Structure formats: C-alpha cells, structure tokens
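This report refers to the structure that appears directly beneath it.
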Amino acid sequence: MIPQRRSYHRTHVLFLLGFVALLSSVVLTPPLTSQQENVFRVEFVDKPSASGTIGIFRYQGHVYGSLADLATLFESNTYSNPTTQKFELKHPSYTIKAAGGNPFVVVTDKRNDQQSVYQLPQSTRFAAGTYFVPLGAFLPLLSSVFDVQASVDLTGGIVRFSSVPSTPKYDISSLVMEEKSNGMMIRIPAASPLGEFESWMKNDGWLYITIADAKADIEAINKIKPIGLVNKIVAIQSPTSLQLTFKLKGRIAATELLKDEATNDIYVSIRTPGSEEQLLLEAKRKEVQEGLQRSRKRWELDVVVIDPGHGGKDPGAFGISGTKEKDITLGISLKLGKLIQKKMKGVKVVYTRTNDSFVPLYRRGQIANEADGKVFISIHANSLKKRPSPVRGFQVYLLRPGRTQEAIDIAERENSVIELEEGYEQRYQELTEENFILVTMAQSAYARSSEILANIIQRELTNHAELENRGVHQAGLQVLVGASMPNVLVESAYLSNRADERMLKGSAGQQRIAEALLKALQQYKSEYEKLFREGQELGQR
C-alpha cells in the first residue's frame, strides 16, 4: 500500500548552506546553478496525493538522494546521531541503518530479527546535517522493504513508486486429463511462463516429464485421481525442477509434449499404437534409454572446485607471528586436491588458483561454472582484530543474509577484497544494486545441497581435525554468489589464536584439515548420489 504523505517544511536555503562544508573537500559535477537542480520529484503512481520531493545532489556522475526526505514520504520515523554519523529509518517491520562515509547498509527484519547487509557501489554521504545515499543503488533496497516497485529518471529528475503486482504461489497446481479415441491428452495448466521441459518414456510404462525451475503444489497434484491410460501420478519437487511421473497401462505408441504459447500451458499427447507405429515405438524406446544415460551422467558428482582464498596482492588476514592467510589457504587446498585425485576415482579437481596469484572474486565463480563444477569449496582462515585472542576453532558459512554481528563482520572483511580489483565499481554494481534476496533466490536451487555439505564438513572437521566446532553460519559472501552449484566457505581456524596459528602453519595441521574435508566430500558424494537414486526409484513406484 502506498502511504499517505505527511506534510513537512524544509527550506532549500538550509539545504544549500549544508553543501558549503561538502564543497570545501570535493568538487561537485555538474555545478549547481539553481534551486530546482537540488530536488527530484517523487511520484506515487497509485496514490498521487502521496507525491512530493526529495533533496538531491550530483557528485562524480552519481545522484545522491536525502534519506530523511525518503523517510518522510513513507511516513517512517528516523533516528540520527551526527557525532557518529549514524542514521536509522524505522519501518514497522524493518529498520534500515546507514552511516556517513560507509557503503554498507544493514536491513533488520523485526519479525524474525534477521539482518541483511548490502554493499552500495558508493558510500552514504553526510552533509547539511542529513544523509544522502546513491539513489539508483538504494531504491531497489527501499522497494523491498516497502513492497513497491521503484524507477528513477535521472535526466528528468523523477522517482516513481508503484504497487508490486501479486504473483501466484505455484506455477502448477493441477492437471486436466481427457480420454481420446487413439489415446489421451493431459493438460498441465501454468500460472506463469515455464522454463525448459523434456520427457522420456521407460520400457516399464513410466512417463517422466521434467520442467525446469517450476514450482508445484505437490500435495494437490498427488491427490488427483488417475483415469484412462494413466494408472498412477507421482509429482516430485526438486530445487531445480519439477518432475511429473505417470504410470501408463497398455501399449503406448508415442508421447509428445506441446506448449500452448497463448496460455503457457503444456499438453501431453499419449497415443496408443497402430500397426504402422510399431517401428516408431521401438525407436522411441532406444532414444529413451540413451536419454536416461545422458541424464545420469549430468547428475554425477564428477568435478570438485577448490578455491584457496585471497592470493597475490591480497594477503588476507595476518597471524600473530605474521602468517599470511593466503599461504595457509593455498597449502590446505593443494593437499585436499591431491587427496581427492588419489582417493576419489573419476572426480576431477579444479583450482581457482595453484600459486600466489590474485584472482578477483567474480572470476572464481566463473572458473567453477566453466568447469561444470558440482561442488565449490572456498577455503579461508579466520582472524579477530584483538590479537592474541582465546577464540579458536573452525566455522562453515553458507550464502545467506548474515544473522549475527560476527557473520556481518566476516562478510565485510571477505568482500572488501573487491576494492583491489580494477574497475570493481562497475563490475559489482549489478550485484550490489539488486536486493540481496534476489541473489539468494538465484542460489536457492542449491540451498539444500549446500546445507547438507556444510553439516557434513562440520561433523568431519570436529571428528578428524581436532578443531573446536564453532558451527555452521550464514553470511553475504561475494565469492559464493557466482558459483552455480552447491557451495560453502570454510574458515579453517583462527590466525589470531596462538594454538590455531601454529596448527595452520604446520604441514601436519594442514594435512589433517585436508583429510577431514576429503572425508566430508566422500560422504557428501555418497549422500548426493543416494538422493538422486531414491528420486528415480520413487518415480518408478
């Protein structure tokens, strides 16, 4: 719902005076020539009466908008501490925190006390006693909190907010079956456009239909009563696809999938054989067998990508005695790779680096994807600002918004390496401008597998590496964003702890960690392939 606008008074004279301090240290481009250039019009498309203006200024080609003015338009309370340059926008369900000179914005969901950290491409600026954020990057974040769609016309100086259209909970909720004289037709109604789909028919009468990226009401579909040639219906939801399985009875000559472009529906044509179709039936059976072999090959866990954190001009954290994190992570990674090659036959090892070289964060995910990796493990070593510290042990991280201050601190430290990359502002702009929820949605297909892997690693490091278990956590880690496969980040131990640092520096300690990670991968491979086999067997029942 678009909020009613609260009337308020703010003179542009006070606004312009505030820029005197800013102009003393920076040069604004282009120069401000009129009062009107310092404001943008804000329009609420669904409720024009809520419209108004916000103060803005332009600096180095970017437009910054007033947080206080945005809060007023959305009828939100605010808190500001000019001494620490901290600002809070208080929404009934969310709190947005920003700080002058800092590119990070923290959004807290009050309903579950969950925090999400966003890195804007430019820092928040404090001037004229108020706070300004890079408008284009901040609006998507604001949109997610207030459940509106936002767009900005930087040339025309207009920001528009409109209601978010409702989306259906499921893509597929039912099936419609109709008997025909030469077989039957099954219609799969789709509430939204579907991804790629395919089908194959087994010799035992099971017809498998896989629809990529589709979400279905499994309970409702499995309750549908079969008719005609269909003897049984089994719907299975996986992270990446929907599988509809039909047990057919009698002799089947051919099946065919057809998409209705006008409605997004899929039609399944099932035909019984005539004398002229027998040869086609045999050819189809052979094609199905070949398709099953290709499908099994595609699901094999045959490539493990190992990512030694940091490297080159990025040393990572430092130990009490000067140990560099980049050396520790490379040592553990190379030892793990050798163990995999020796102990896991048929599994290929791909490294993001094998020497002391600098590899940008975005490139690490690219390497994993180009190698068709099935698992991505990023290896790191932890550290605290206070050194020496009694805190020791390992942690395993998943890609999710951080819930604790420690997770947020780790995300900030690990993500800060992007500043060493030339042109990082443009390269990471898309990721930072989009709502982090969208990023985690893109990774949701691998979320369950990543959780299973993280829990197995936690167990094996506890049992075999003689390390204190500090649990599985979640954080907004850039290095995991680009890897399109199950992925985790392992903080192997604390360089800020004397005992942990000694263990990490020694070849024996690195070998113990590598052996524990090997055992975890062997166990995960077994679990992974078992789940796949069970899914196939369930579809055959």
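What follows draws every value from the coordinates through simple rules; no lab data is involved. All of these numbers come straight from a predicted model, not from anything done at the bench. Quick reminder, even Gly has a Cβ in these numbers, built from the backbone with ideal geometry, and neighbours come from all protein chains shown.
What the table shows:
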quantity	calculated
The stretch 96-135: radius of gyration and largest Cα-Cα distance (Dmax), Å	11.2, 35
Label-point gap, in nm, between V164 and N231 - each point 7 angstrom along Cα→Cβ	4.7
FRET E, pair Y79, A447, Förster distance 30 Å, beta-carbon r, rounded to 0.05	0.30
For the stretch 123-254, Kirkwood radius (reciprocal of mean inverse C-alpha pair distance, Å)	18.8
Environment charge at N469 (Cβ cut-off 14 Å; Lys +1, Arg +1, Asp -1, Glu -1)	-2
FRET efficiency, 1/(1 + (r/R0)^6) with R0 35 Å, evaluated for I224 and R251 via beta carbons	0.90
Segments 485-495, 191-201, 232-242 sorted - mean Cβ within 10 Å per residue, highest first	485-495, 232-242, 191-201
Additional length obtainable on full extension of the chain from E37 to S93, 0.36 nm per residue less Cα span	16.8 nm
